[in-house]
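A.B. asks: Mind having a look at this structure? Questions to follow.
The values are calculated or read from the model by the stated rules, or taken from the named source; none is laboratory data. The model shown is predicted, which means the values in this text are computed figures rather than measured ones. Heads up, the Cβs are rebuilt from the backbone with ideal geometry, glycines too, and the neighbour counts pull from every protein chain shown. Remember, those area values only see protein heavy atoms, side chains included, never the ligands or the DNA or RNA. Shrake-Rupley method; radii C 1.70, N 1.55, O 1.52, S 1.80 Å.
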Amino acid sequence: MNDNKITKFESELRLAELSPKNSLVKAGFKENMTLCDIGAGTGVFTFPATELSNNDIYALEISDNMLELLSSRMAERNIKNLKLKKVDSTTLPLDNNSCDMAIMVTVLHEVETKEIMLDEIKRILKQKGRLMIIEFHKRKTPMGPSVDQRISEEYVEEISNSKGFKTINKVSLGDNFYSVIFESALN
């Protein structure tokens, strides 16, 4: 496991700005809902979600190292409603209409086939399901990738709207991140 990645993902400043539990609640996530965390990483949003709802929380990851880390943390914390899923293609390993909410936290800018990913999210979401995308502001900020690797709020909104997601809310989380909440419109 790359300790640098864990340190980076879980830095105090990053967590303070992302405010995972608060961001989930503001996005409309609550008890009895099912959530899919796409690119769950170290579980910064996954674990707070397991506390907010007793329903299934899916952590999707391409990295075996991250899945191992999530698995050991799940055991340490005795969490029963978390399901770990390995992603090994452009198809998400979940059934149609299986989630009330999907989240991607600083993941979309790394996805090469963004349209396919959004189609897949639409497939796994229930009708009027929510999608929360958190990304780095497209400017130089205290943390994050180089500006040319980032995607703007306008772009995220445009590509998501074009794939049948209706914008519900947009908010700047602070110096580094913005969040856009969408609802899955009718197909």
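A.B. asks: Would you mind telling me the share, in percent, of accessible area of the chain contributed by carbon and sulfur at probe 1.4 angstrom? Intermediate results must be reported in sequence, preceding the final value.
C.D. replies: On the way: 4380 of 9350 Å².
Roughly 47 percent of what the probe reaches on the chain is carbon or sulfur.
A.B. asks: In addition: So what's the Cα pair-distance distribution over the chain, bin width 5 Å, in %?
C.D. replies: Pair shares across the bins are 1, 8, 18, 22, 23, 17, 9, 2, 0.
A.B. asks: Using heavy-atom solvent-accessible surface (probe 1.4 Å) with all chains present, what is the largest-first order of Lys5, Lys122?
C.D. replies: Lys5, Lys122
A.B. asks: Same structure, new question: For a quick check, take a GNM of the chain with Cα springs below 10 Å and name the residue from Ser172, Ser152, Ser11 with the largest mean-square fluctuation.
C.D. replies: Evaluated over the chain, the most mobile residue of the options is Ser11.
A.B. asks: Okay, next question. List the aspartates and glutamates whose alpha-carbon lies under 12 Å from that of Lys83, not counting same-chain residues fewer than 8 positions away?
C.D. replies: Partners found: Asp37, Asp56, Glu61.
A.B. asks: Another question about this same structure. Sorted from largest down, give the three principal axis spans of the alpha carbons of the range 95-143, whole angstrom values.
C.D. replies: 38, 20, 13
A.B. asks: Cα gyration tensor of the range 123-179, axes a ≥ b ≥ c as square roots of the eigenvalues: rounded (a/c below 1.5), prolate (a/b > b/c) or oblate?
C.D. replies: Working: a/c = 2.56, a/b = 2.05, b/c = 1.25.
The shape class here is prolate.
A.B. asks: Out of Pro48, Pro142, Pro20, any idea which swings most in a Gaussian network model of the chain, alpha carbons joined below 10 Å?
C.D. replies: Its mean-square fluctuation being the largest, the pick is Pro142.
A.B. asks: Once a ≥ b ≥ c are taken as the square roots of the eigenvalues of the Cα gyration tensor of the range 40-138, is the result rounded (a/c under 1.5), prolate (a/b larger than b/c) or oblate (a/b not larger than b/c)?
C.D. replies: Taking the square roots of the gyration eigenvalues as a ≥ b ≥ c, the range 40-138 is prolate.
A.B. asks: Would you list which lysines come within 18 Å of Lys8, measuring only between C-alpha atoms, while excluding same-chain residues fewer than 8 positions from it?
C.D. replies: Here the lysines satisfying the reach criterion relative to Lys8 are Lys140.
A.B. asks: Same structure, new question: Would you mind giving the average projected area, over all directions, of the Cα convex hull of the range 1-94 in nm² with one decimal?
C.D. replies: Numbers: hull surface 24.5 nm².
Averaged projected hull area, Cα only: 6.1 nm².
A.B. asks: With the other protein chains left in place, how much accessible area per residue, in square angstrom, belongs to the chain at a 1.4 angstrom probe?
C.D. replies: With the other protein chains kept in place, the chain gives 50 Å² per residue.
A.B. asks: Can you pull out the GluC sites (Glu not before Pro) in the range 72-128 that DSSP calls coil and that have at most 12 other Cβ atoms within 10 Å?
C.D. replies: Details: sites: Glu76, Glu110, Glu112, Glu115, Glu120; in loops: Glu112.
Qualifying residues, ordered by number: Glu112.
A.B. asks: In whole Hz, what ³J(HN,Hα) sequence does the range 25-34 give by Karplus (6.51, -1.76, 1.60; θ = phi - 60°), x for Gly and Pro?
C.D. replies: 5, 4, 7, x, 7, 8, 3, 6, 8, 9
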